[in-house]
């Protein structure tokens, strides 16, 4: 991969272990550009997006996918062309909301970048607890962001909200890379102790509040020590149950962010090898908890106690 030639008007960010040079202000804390020799940069540019791909492998709602490129259409907001895991061209719609454009860049577009670069980005939040990286995974509606916000209220550093990437450092050691330092919440009630003056809604994206909170997020990668798959409970108690590797594999396959890219790009065997190694070194659990904000203190206490006994 070659570095872009003209970075004079670019802004620099770090996200999911990637160096991002963007012609668009993404509303994130800027970071020093990576050294020229590094190969983890991504360029985000304004430009025309093609209507179709020459060698399409398939499509999903909003996506057209080929081996080294993809087109993503966020209706009424922008169209995106992601190529080679290193370039995102953005073509905003007329009168589109800049906040919505940025959220789709940082969400779906960067998710595609990670798949193209060989990662398996995960749909979940992650935090650091006594130097240990804990990941909480689940489909939309499982309360991942609410849980992350509650841990931040308990003064734990958050690594990422809603999605994150893992880097393998060898010998079965995986680290959680810091992700988007923004909480995405349906309700602000869990953040009653925080300054919410910067919170905003982008109706063209969804009905969630975006709460920028860089001060509550860690900028350092942390070793992953536990995976928790989130489930709701009909009881008033919180339970944590160990999964065998086969059960954990099924949950993990479900909770890959934009998981249809695995099949479309023919990466099933690669995923199985990656997942087997991950689950061979990192224990996985189901965390069942009640749908009640009042129970959040008990959830945090149960997780703390569980981690201390590992």
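Readers should treat all values here as calculations from the given coordinates under stated rules, not as data from a laboratory. Everything numeric in this text was worked out from a predicted model, so none of it was measured.
Under the √(5λ) rule applied to the eigenvalues of the Cα gyration tensor, what semi-axes describe the equivalent ellipsoid of region 124-308? Give them in Å, descending.
Taking √(5λ) for each eigenvalue gives 26, 19, 17 Å, largest first.
Can you give me the angle between helix 268-281 and the longest principal axis of the chain, using Cα atoms only, in degrees from 0 to 90, rounded to the nearest 10?
Value to nearest ten degrees: 40.
Pairing the Cα long axis of helix 245-254 with the longest principal axis of the chain, what angle in degrees results, from 0 to 90 and rounded to the nearest 10?
Taking the Cα atoms of the chain, the angle to 245-254 is about 40 degrees.
Short version: what are the Cα gyration tensor semi-axes of the chain, square root of 5 times each eigenvalue, largest first, in whole Å? List each step's numbers first, then the result.
Values: eigenvalues 190, 102, 71 Å².
One finds semi-axes of 31, 23, 19 Å for the chain.
Please check: in the Gaussian network model of the chain (C-alpha springs, under 10 Å), which one of 169, 18, 224 has the largest mean-square fluctuation.
With Cα springs under 10 Å in the chain, the top fluctuation among 169, 18, 224 is at 169.
Only Cα pairs within less than 10 Å get springs; with that Gaussian network setup on the chain, which residue of 300, 71, 110 has the largest fluctuation?
Among 300, 71, 110, the largest mean-square fluctuation in the Gaussian network model of the chain belongs to 300.
Given contacts defined as C-alpha pairs under 8 Å and at least six residues apart, what's the relative contact order of the chain, whole-number percent? Don't skip to the end; give the middle numbers.
Values: 616 pairs, mean separation 44.7, N = 310.
Relative contact order here is 14 percent.
Output the relative contact order of region 11-116, whole-number percent, from Cα pairs under 8 angstrom with separation of 6+ residues.
Over region 11-116, the number comes to 20 percent.
Gaussian network model of the chain, Cα springs within a sub-10 Å range: biggest mean-square fluctuation belongs to which of 148, 213, 171?
Looking only at 148, 213, 171, the largest GNM fluctuation is found for 171.
From Cα pairs below 8 angstrom and at least 6 apart in sequence, can you work out the relative contact order of region 176-310, rounded to a whole percent?
After rounding, I find 29 percent.
What fraction of the DSSP beta bridges in the chain is antiparallel, stated in percent and rounded to the nearest 5?
DSSP beta bridges in the chain are roughly 70 percent antiparallel.
Expressed as an acute angle from 0 to 90° and rounded to the nearest 10, what is the orientation of the C-alpha long axis of helix 296-308 relative to the principal long axis of the chain?
Roughly 80 degrees, rounded to the nearest 10.
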